[in-house]
Amino acid sequence: MKELRDSERSREARRIIGCLRDAGFEAVMAGGCVRDALLGRVPKDFDVATDATPASIREIFGHRRTLAFGESFGVIGVLRPKSVAGGESRARPKAKIEPTEVATFRSDGSYSDGRRPDTVRFGDMREDAERRDFTINGMFYDPLDDVLHDFVGGCSDIHDKRIRTIGEADRRFDEDKLRMLRAIRFAATLDFEIASETLHSISEHAASLSLVSGERIGAEMRRVFVADGVLSALHNFLKTGLFESTLPFLRRPAVERFAGYWRQLEYRTFETVAALLAINHSSPEVFVKEMNRMMKLSSEEVRRMRAAVERHSELLVEGAPWSTIQPIVVSRDAEFVLPVAAAVGRTEGRGLSTLENTAKRLRDSATPVDPAPLLTGDDLRMAGYSPGPNFREWLNEIRAMQLDEGLHSKDEALEWIENNGFQS
Ligand code: ATP
Ligand code: MG
């Protein structure tokens with residue numbers, strides 16, 4: 001599988017597998033990278049699984065080239081060898097390369113909190129396959145002998161584009177509630193169907209997703225929102241009742257309306273997609289607030305969503321003066337507001353002339369988008385005006401007139417202030 005050979009990270013995983021094998025252990029690529037390679041996708045990271053214990057792994061690669069990631073679960077981070085990493089002592093920093101995760105084959109004990117196993121014990125490859133969540137994620141690949149180890153029927157589920165739990169769905173979702181969200185996320189990102197018994201079991205366990213932390217729900221939802229299959233994911237949320245634990249304030253009619261808007265959205269980020277969902281909610285502000293509460297968003301994400309929700313409509317006003325558009329265009333959230341405005345405009349059949357003019361202006365390099373102000377507070381003081389709260393107001397008015405090309409110079413601006421009866 002060439003996806004497992006070509007990248008620097010895959011070569012590093014092969015190096016590690018070679019070292020472990022030379023030391024007499026079994027070692028293979030595991031989980032997500034095998035799935036992605038079988039799908040012809042380039043894996044994000046390459047995890048290694050082995051029968052070597054964490055202590056042996058650290059001994060083989062050296063304590064200074066290994067990190068105890070989750071030693072209780074048997075996961076060790078292995079760093080590249082010094083010569084490849086460029087030498088630690090040299091001051092010149094090299095591009096940072098993440099350590100490779102090397103995990104000891106294990107079998108998870110009982111789960112009493114619905115989140116993580118109470119105990120783990122080291123086991124063999126088959127047991128390690130069986131503790132994993134979905135069949136497509138439960139395969140191993142031996143890159144040295146080119147052998148796929150599939151104990152769980154992952155290969156045929158990849159072929160049929162199906163998400164199915166390893167073992168009995170009810171037990172697997174009982175153990176770890178996050179898996180319900182993962183199932184829907186994988187279906188959305190890979191364009192797979194969820195097997196009917198797996199989907200049915202999610203419906204049965206939906207209410208217990210509330211045991212999962214907002215951070216972990218948020219991490220999955222960010223990936224769902226940017227997936228090409230977001231519409232089918234939202235549909236699955238409605239069908240299973242999982243919305244009650246993630247977005248209880250979102251109802252079917254809003255989700256159905258959203259579909260049309262989403263199809264018109266060209267720039268799909270978590271924030272732009274979430275903003276379109278918010279706009280279709282009866283109260284967009286409440287939606288953003290609740291979403292933040294449920295998913296522990298960053299202040300930046302909330303700010304971007306709010307900007308898109310609150311300001312997109314200004315860009316849909318026919319003949320809007322440049323002075324109302326320019327502040328949006330030069331703001332740090334412009335890249336989120338503009339595509340949302342375009343999607344709303346197209347879906348609702350509203351005039352797009354303001355957006356088109358804006359795009360034209362941005363292309364025209366002769367006129368600066370954010371020219372230096374004609375007048376500043378210092379200029380006003382120098383002209384003999386005493387500072388006060390009206391300074392800001394005047395300056396704002398002058399800025400608007402400058403942008404709308406009613407004023408062209410500092411002198412004109414000062415003249416305007418005099419003529420409009422302001423007191424110095
Ligand atoms: P991606 O990194 O693209 O999200 P992935 O499959 O690599 O996909 P990770 O969360 O990185 O997902 O997990 C790595 C592997 O660990 C998975 O492929 C799966 O085999 C296993 N795994 C992850 N989370 C769980 C879980 N909650 N329950 C059981 N197994 C899991
Ligand atoms: Mg991964």
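Structure notes:
- Test result for GLU397, in contact with a helix residue (DSSP H, G or I) (Cβ under 9 Å, 6 or more places away or on another chain), part of a loop (DSSP other than H, G, I, E, B) and within 22 Å of PRO327 (Cβ to Cβ): no
- Checklist (1) over 29 Å from VAL344 (Cα atoms); (2) more than 16 Å from ligand 2 (Cβ to nearest atom) applied to LEU178, failing item: (2)
- Each residue in the stretch 317-374 was checked for being closer than 16 Å to MET401 by Cα and not in a helix (DSSP H, G or I), and 11 pass.
- Residues in the stretch 408-424 that are more than 14 Å from THR376 (Cα to Cα) and part of a loop (DSSP other than H, G, I, E, B) were compared, and the one that is modelled with the highest pLDDT is HIS408.
- Odd one out for ARG171, checked against (1) within 14 Å of ligand 1 (Cβ to nearest atom); (2) within 21 Å of GLU301 (Cβ to Cβ); (3) surrounded by fewer than 19 Cβ atoms within 10 Å (Cβ to Cβ): (2)
- For the criterion of being in contact with an Asp or Glu (Cβ under 7 Å, 6 or more places away or on another chain) and free of Cβ contacts under 8 Å to residues at least 60 places away in the same chain, GLY384 fails.
- The stretch 63-77, residues that are under 24 Å from SER7 (Cα atoms) and within 16 Å of ligand 1 (Cβ to nearest atom): PHE69, VAL75, ILE76, GLY77
- Residue satisfying all of: in the stretch 21-47; among the hydrophobic types (A, V, I, L, M, F, W, C), within 12 Å of ligand 2 (Cβ to nearest atom) and assigned to a strand (DSSP E or B); nearest to ILE136 (Cα to Cα) among these: ALA30
Let's see how each residue does on (1) modelled with pLDDT under 95; (2) more than 16 Å from ligand 1 (Cβ to nearest atom):
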position: LYS2; (1), (2): yes, yes
position: SER7; (1), (2): yes, no
position: SER10; (1), (2): yes, no
position: ARG21; (1), (2): no, yes
position: PHE25; (1), (2): no, yes
position: VAL34; (1), (2): no, no
position: VAL48; (1), (2): no, no
position: PHE61; (1), (2): no, yes
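- Filter result (on the phi > 0 side of the Ramachandran plot and within 12 Å of ligand 1 (Cβ to nearest atom)) within the stretch 100-158: GLY114
- Residues of the stretch 2-47 satisfying the condition of being among the small types (Gly, Ala, Ser) and more than 20 Å from ARG80 (Cα to Cα): GLY24, GLY31, GLY32, ALA37, GLY40
- Counting residues in the stretch 56-71 that are within 15 Å of ligand 2 (Cβ to nearest atom), farther than 18 Å from ALA23 by Cα and assigned to a loop (DSSP other than H, G, I, E, B) gives zero.
- Filter result (loosely packed, with under 11 Cβ neighbours inside 10 Å, among the small types (Gly, Ala, Ser) and closer than 29 Å to VAL317 by Cα) within the stretch 356-393: SER365, ALA366, ALA372
- Filter result (more than 16 Å from ligand 2 (Cβ to nearest atom) and closer than 22 Å to LEU181 by Cα) within the stretch 136-154: VAL152, GLY153
The values are calculated or read from the model by the stated rules, or taken from the named source; none is laboratory data. Predicted, not measured: the structure shown is a model, and the values here were computed from it. No Cβ is skipped: glycine too gets one built from the backbone with ideal geometry, and neighbour counts run over all protein chains shown.
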